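Participant: Take this structure, written in structure tokens, and hold onto it; I'll ask about it next.
The values are calculated or read from the model by the stated rules, or taken from the named source; none is laboratory data. Just so you know, these numbers come straight off a predicted model, no measurement behind them. All Cβ positions, even for glycine, are placed from backbone atoms using ideal geometry, and neighbour counts span all protein chains on display.
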Amino acid sequence: METEPAETSQKLIKSGEYLIVQKIDGEQSRIVRFTPKQKILIEKLKFVADSAFGKPHGLFEVSNNQCLPMSVDRLIEELQLQEASVATSSIDPEVTEPSEPSLDPRVVIAPSALKLEPEQKRQKLEMDAVLEMKKQGVSGQEMVAKLVEGSASFQTRTVFSQSKYIKRKAKKHSDRVLILRPTIRLLAKAYYLKDPDRLAMLRADQLALILQMAGLHHGKNVVVFEQTLGLITSAVIERLGGTGACIHIHRGAVAQSIPCVHSMNYDDNTLSTFLPVRIKCVLAGKHLPYDNNRKAVNGDDDNLEEVNGDKEPEKIEDQDLEALARRNDRLDREKRGIDLINDEQIHSLIIGSRTVDPISVLELLYPKLAPSGTIVIYSPHQNILISAYDWLSKRQTINLVLTDQMCRVMQVLPDRTHPLMAQHVAGGHILTGIKVIDQ
Amino acid sequence: METEPAETSQKLIKSGEYLIVQKIDGEQSRIVRFTPKQKILIEKLKFVADSAFGKPHGLFEVSNNQCLPMSVDRLIEELQLQEASVATSSIDPEVTEPSEPSLDPRVVIAPSALKLEPEQKRQKLEMDAVLEMKKQGVSGQEMVAKLVEGSASFQTRTVFSQSKYIKRKAKKHSDRVLILRPTIRLLAKAYYLKDPDRLAMLRADQLALILQMAGLHHGKNVVVFEQTLGLITSAVIERLGGTGACIHIHRGAVAQSIPCVHSMNYDDNTLSTFLPVRIKCVLAGKHLPYDNNRKAVNGDDDNLEEVNGDKEPEKIEDQDLEALARRNDRLDREKRGIDLINDEQIHSLIIGSRTVDPISVLELLYPKLAPSGTIVIYSPHQNILISAYDWLSKRQTINLVLTDQMCRVMQVLPDRTHPLMAQHVAGGHILTGIKVIDQ
Amino acid sequence: MTSSPPSFMSYEDRIQEGDTVIVYVTYGQMVPTIVKRGQTLMMKYGALRHEFIIGKRWGQRLSATAGYVYILRPTSDLWTRALPRRTQILYTADCAQILSLLDAKPGSVICESGTGSGSLSHAIALTVAPTGHLYTHDIDETRTHKVLEEFKVHGLGSVTTAVVRNVCTSGFHVENAADGVFLDVPAPWEAIPFAAKSIFRARGGRLVSFSPCLEQVQRACLAMAAAGFVSIETIELVPEQKKIVSQHRQTLEEFEELGDAYPKERKRNVDGTIVEQSSSAIPRITIAIVYPYSQPTHTGYLTHATMLPVAE
Amino acid sequence: MTSSPPSFMSYEDRIQEGDTVIVYVTYGQMVPTIVKRGQTLMMKYGALRHEFIIGKRWGQRLSATAGYVYILRPTSDLWTRALPRRTQILYTADCAQILSLLDAKPGSVICESGTGSGSLSHAIALTVAPTGHLYTHDIDETRTHKVLEEFKVHGLGSVTTAVVRNVCTSGFHVENAADGVFLDVPAPWEAIPFAAKSIFRARGGRLVSFSPCLEQVQRACLAMAAAGFVSIETIELVPEQKKIVSQHRQTLEEFEELGDAYPKERKRNVDGTIVEQSSSAIPRITIAIVYPYSQPTHTGYLTHATMLPVAE
């Protein structure tokens, strides 16, 4: 679908797919591969993966270990009914004056339809007004006009009487889940919240900036060295969309610890740009053969050890055709990657480092970057980038910029608008530049 | 007044006082010493200092090189009249529907009365309503209640139609100035905007944090080494309020480049805690005599040179009694300061460094800090503080914290609320800790 | 300092009975205690008899039954971090800023509402002492009594008055007297006209209002302008706390060979916290990282304004 | 890359006539130019004849009559910084974030309003090419025509459609087709119901709205919820730019002796900017400082939301 905009058929959830599962109002966001008979667990809610197969991605209701598709409209209506009873039992003397929904349809819907935190009785009536308008066929356009022309409830009541009420209402909709196709944005957020350390603190907003500063789009040849669980690599693969090259420099014999590449369910066309290259080859400056033997036939102990260390699954005695094909495919991709590097056909070099000094990567790969190519280095540590800046500024790099950015989420709720009180703020710094040549 | 809360007499502007002068809607904030016949210049506005003498600090109107006191009420009324004519000439078809000020007194006054940026015709009517209410003797309390109950104009119009209008109206009130008594807050802001470099980028909000982290209040003995134009020293003197000691470590023979101490118009009681001590004495670990001779009678060339370098005004031949008294006072204060240091009676050590490595100050003065005393180091450079952190953590310092803070100004205007689009953001980092002892 | 008041404003070298001390256990755990013979403090590192504290030097390390602690002299910041919480409190960054925006100094007369847990009240009282005064107002009687008691014990009784009073309906305890007014109330616009009245007319004064939500700020700004305040400005502070760590800096070859997982050593530093250190020959650098990962990103907006002096 | 389109998406080693190049004069001054024989570029460092550019390598340094410049291949970021300004534009930090919030990638169908100077339009078009499409809408005919022309010259003609249309009253050019909709309009709430209609129902899609003011955000959030969007979130980015400098680190003795003013040397670095360097034996360290001192602290809030797929 990525490459066929004209396609009109709907994508449905299918077995074997990686999916994002979130509870409504939940904190977690899990990436799960849905396989038959698998139990999906999310914040104490449990259902069988099979019940989602064949359904469109979206909102589900969980009951009896099954998940059932649910429309957003139904959720809103249902909430409205729940409000009615609650609102009646909690009439605030301050707001009992009769509202006139016909004359003054003061419609206030909480910003996130999935985090509806209604405002007492008045809001119930307002919600009624919306639904009434909907029934009467009032267009969305007209409704919004009416909605904004008199939003007095944004203004007239104090904050604290509402908060109390909202607390009482929290966690009502605990049997609702979103099952979504993974996107780079959702993956970035899920891993950042789960294990920022292993992601080198890379925040979603900084990943976005890395991609843009790298001048990334289809057809580009990009070298990536990263220690961010494959997140940068995966984002590059997506943006290439099947043309160009994402040369992924990895440790050991095969690319490992890149869950963010696997969980995007990429098709073969999209994955055709993924060219993993061993650090060993980069260090040698050329393509190296795999050690095909379990034993160190050529006496290369170091190579043997590494293969063992990486738990290379193939053994010479049980290699089958499929494994051979996989190995050949790897070798072929690696060869293509190394050729592009050695031909200096690299348009962007992206380094997302956690423990490795970027300079040690630059020393090997910066000479391979084509002139006018961009270099982007991410590190959680400013000092590391200051050293890299020094290194680059001595080597014909222009447009060098070191930036940092703050990203804050706003709470936008009637009478309670403010930035979130606490947030994950850990992050890193980004150094960018453009390579030039003298003559 | 600082120490007599019961005092009821009004302070009036007098000759010789340092004052803060700001134009309404102006960018600048100047610190000027008002002396007879002096011309005060502020953003193309000019008046003679004498015209302010004997008047209370506050709002003035400038005409014919004279400044005349003006009440805030008059300013607001006047603005309202100006609006009337402008509003009539720019009626927006969207807002010509008749407003009903009696039924719905939608009062909107722009947040800063001194930066009134009115909203078209509607606001004119709203402003009328306020003034009408005032005339009718409606209490402030009631007025505010009415004011907030229906602030629809906060909500209903678009941002952009207003901005255009506001541009037309800008810089209307160019003959109004504020003449204010200097405060640490105003000084900090004025110098930061004027010359952040010489202030080591010290922002007013960070100065506030330094004072609080230092545990500063009356009676404390504080050692200050700073390169911030006397700003930290002056703030410490103010917070001591005449008891305790502000030991100011300075270069050369006399404390120089501390305009922020001079411009606060401190009385003798407040200044009694100001104890300037020469770096030379701190390095020697004891009180040193001044070189009383213009010639290097004792052959101490270095000392001579320094005295000349500092343009020490006294010469042996024209020393009079007053100068001698000043010198004796200096020597006396310095002796008191050095005694407190040597007796280890220091409760706080504050370093606000621009070019000097804080460690070089710590080496001399940290041993003199009393146990349980606080250390606060400000630097525009994080790296410098990381080194200082290292140094302190090896020397029985607990509660070590490195912080940074962002300070943003919000624009709060009807329908145009957002953080300022651009701001001076340069600033520094603050490292704090508490000294402890082992046995 | 004519008499020797309790520890908040006394500078004796050694700890006396009756002093309020801050027992520093770890960075995150501090226990405020009034030293009294016969009592024993129980905490993470076991028991500590108060007898052992008396006569010791401030800042001294003391051994408890299962570890050691430091006995610190109380400061405004330490009190804010250690005080018994009764409500949401204002933390040091905001307290510092509020004092500065109020132009507070010895001799200032300041009105505050609400009192809450008294975090800011202590900061103000310490700043305006010995010649100024704090009038603090709260609608909650229990909280007010608790803070009154603390003021007394902390030697701040003479510079403070704490009253049970709703400033939004009844105004402040004093009129035409204050140099500064601080508001931390849900509907500041109701209190602002009263704040204007409480300010000393001939000298003018400062107003600072703390509100978490922008809608409160919008209404407060309108009310301030209506009450005659000028130079109205709203600011927001976002502090960022950092930790200093020692970090490996490996080459690509080292990474290929060793991976990124080093053997770790655990060590207790002087602060009492456990630090992980990698033991390896690979060179390390000292760096600052944002820590903890999740931090407060908003407490409230501070709106401040000036009431100009009125000619008499 | 079957044909060889103009420079935005071509990777020839050498510059050809007709290519759009970015002439990099200094960090602050970049001039976008279409290379054409017979023409001459005039800038700060004098004149540069286009003849001298043709056939040179991308990224090469060239001498003009009064200094040297670099000829760079255009990228989305360079275009944003160098483009001819017709309106307030979206800068790289926001563009980057918007692309990410739209889940934009090759093949995506994106609707945008307004087109403005085309800064974001270029970023979107480059991202969705070669198989996706950008529909961009603006009420200004001149701007639209200018951007259309740029698209053509930049090889983006086949992946873009630019129309003069007020989406707040007439909706978008396509319905039931878009994977993402971006709004930068004064009254986004008017366009949101139309945005919902333009999204491809069976696949669902994303909505991103950029607004400078909070009141716009509040109304946009209400309108999004009313139109059936879920997971509505508002974020704000505040970038901070730093400069790396070499700084003295003097001891107290050195300060006493020399003061803080060192003799300065001026030097032109590779970037073409003048840097001041102190010449002294006093040790120096390399540090990052916030620079420029005054920086953008707010551009706008980004409110984003998801329209879930609808079962067919």
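Participant: With respect to A:Ala426, is the statement that it is touching a strand residue (DSSP E or B) at 6+ places or on another chain (Cβ under 7 Å), closer than 25 Å to D:Val245 by Cβ and of a type in the set (Gly, Ala, Ser) true?
Facilitator: no
For every residue, the table says whether it meets (1) over 27 Å from D:Leu156 (Cβ atoms); (2) touching a strand residue (DSSP E or B) at 6+ places or on another chain (Cβ under 7 Å).
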residue	(1), (2)
D:Arg49	yes, yes
D:Lys56	no, yes
D:Arg61	yes, yes
D:Thr65	yes, yes
D:Tyr70	no, yes
D:Pro74	no, yes
D:Leu83	no, yes
D:Arg86	no, no
D:Ile89	no, no
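Participant: Please pick out the residue among C:Phe210, C:Phe255 that is at pLDDT below 95, away from chain B (no Cβ under 11 Å) and either buried (at least 21 other Cβ atoms within 10 Å of the Cβ) or in contact with a Pro (Cβ under 9 Å, 6 or more places away or on another chain) (or both).
Facilitator: C:Phe255
Participant: Turning to a different aspect of this structure: So, in region B:336-356, exactly how many residues are part of a helix (DSSP H, G or I) and under 30 Å from the mean Cα position of the chain (by Cα)?
Facilitator: 5
Participant: Please enumerate the residues belonging to region D:293-312 that are touching an Asp or Glu at 6+ places or on another chain (Cβ under 8 Å) and of a type in the set (Ser, Thr, Tyr).
Facilitator: Within region D:293-312, D:Thr299, D:Tyr301, D:Thr303 meet the criteria.
Participant: Then there is this: So for region D:180-188 (the condition being surrounded by 24 or more Cβ atoms within 10 Å (Cβ to Cβ), at pLDDT 95 or above, of a type in the set (Phe, Trp, Tyr) and under 21 Å from the mean Cα position of the chain (by Cα)), does at least one residue qualify?
Facilitator: Within region D:180-188, one or more residues are surrounded by 24 or more Cβ atoms within 10 Å (Cβ to Cβ), at pLDDT 95 or above, of a type in the set (Phe, Trp, Tyr) and under 21 Å from the mean Cα position of the chain (by Cα).
Participant: Would you tally the residues in region C:161-191 being touching a strand residue (DSSP E or B) at 6+ places or on another chain (Cβ under 7 Å) and either of a type in the set (D, E, K, R) or not in a loop (DSSP other than H, G, I, E, B) (or both)?
Facilitator: Looking only at that region, the number is 15.
Participant: What's the number of the condition D:Ile232 fails, among (1) assigned to a helix (DSSP H, G or I); (2) facing chain A (nearest Cβ under 7 Å)?
Facilitator: All conditions pass for D:Ile232, except number (1).
Participant: Still on this structure, I have one more. Do we have any residue at all in region A:222-231 that's in contact with a Lys or Arg (Cβ under 9 Å, 6 or more places away or on another chain) and of a type in the set (Phe, Trp, Tyr)?
Facilitator: no
Participant: Continuing with this model, one more query. Among the residues of region D:65-73, is there at least one that is among the hydroxyl-bearing types (Ser, Thr, Tyr), crowded, with 24+ Cβ neighbours inside 10 Å and not assigned by TED's automatic domain parsing to the domain that holds D:His154?
Facilitator: Looking for residues that are among the hydroxyl-bearing types (Ser, Thr, Tyr), crowded, with 24+ Cβ neighbours inside 10 Å and not assigned by TED's automatic domain parsing to the domain that holds D:His154, one finds at least one in region D:65-73, hence yes.
Participant: Further, regarding this structure: Quick check on D:Ala227: is it crowded, with 19+ Cβ neighbours inside 10 Å and modelled with pLDDT of 95 or more?
Facilitator: Answer is no for this residue.
Participant: Mind checking which strands (runs of 3 or more DSSP E) fall wholly inside region A:189-285 and carry at least 3 residues that are in contact with an Asp or Glu (Cβ under 8 Å, 6 or more places away or on another chain) and farther than 28 Å from A:Gln405 by Cβ?
Facilitator: A:274-278
Participant: Yes or no: region C:205-215 includes at least one residue that is in contact with a Ser or Thr (Cβ under 9 Å, 6 or more places away or on another chain), closer than 25 Å to B:Leu209 by Cα and charged (D, E, K, R).
Facilitator: Yes, that holds for at least one residue.
Participant: Separate question: Confirm whether A:Ile350 is within 14 Å of chain D (Cβ to nearest Cβ) and at pLDDT below 95.
Facilitator: Taking the combined requirement at face value, the residue does not satisfy it.
Participant: Moving on to the next point. Does A:His424 meet the test of being facing another protein chain (nearest Cβ under 8 Å) and either within 25 Å of D:Pro292 (Cβ to Cβ) or surrounded by fewer than 22 Cβ atoms within 10 Å (Cβ to Cβ) (or both)?
Facilitator: Answer is yes for this residue.
Participant: State yes or no: is C:Ser100 crowded, with 23+ Cβ neighbours inside 10 Å and in contact (Cβ under 8 Å) with a residue 60 or more places away in the chain?
Facilitator: no
Participant: Another question, then. Can you name every residue in region B:177-192 that is under 11 Å from the mean Cα position of the chain (by Cα) and not basic (Lys, Arg)?
Facilitator: Passing the criteria: B:Pro182, B:Thr183, B:Ile184, B:Leu186, B:Leu187, B:Ala188, B:Ala190, B:Tyr191, B:Tyr192.
Participant: I've got another one for you. Mind checking which pairs have a first residue in region D:199-227 that is more than 20 Å from A:Leu186 (Cβ to Cβ) and a second that is basic (Lys, Arg), Cβ under 7 Å, 6 or more apart or different chains?
Facilitator: Close Cβ pairs (under 7 Å, with a partner that is basic (Lys, Arg)) amount to D:Cys213/B:Arg416.
Per-residue answers, yes or no, for (1) more than 9 Å from chain C (Cβ to nearest Cβ); (2) buried (at least 21 other Cβ atoms within 10 Å of the Cβ); (3) touching a residue at least 12 places away in the same chain (Cβ under 8 Å); (4) polar (S, T, N, Q):
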{"site": "B:Val361", "(1), (2), (3), (4)": "yes, yes, yes, no"}
{"site": "B:Ile377", "(1), (2), (3), (4)": "yes, yes, yes, no"}
{"site": "B:Trp391", "(1), (2), (3), (4)": "yes, no, yes, no"}
{"site": "B:Ile398", "(1), (2), (3), (4)": "no, yes, yes, no"}
{"site": "B:Arg416", "(1), (2), (3), (4)": "yes, yes, yes, no"}
{"site": "B:Pro419", "(1), (2), (3), (4)": "no, yes, no, no"}
{"site": "B:Gly433", "(1), (2), (3), (4)": "yes, yes, yes, no"}
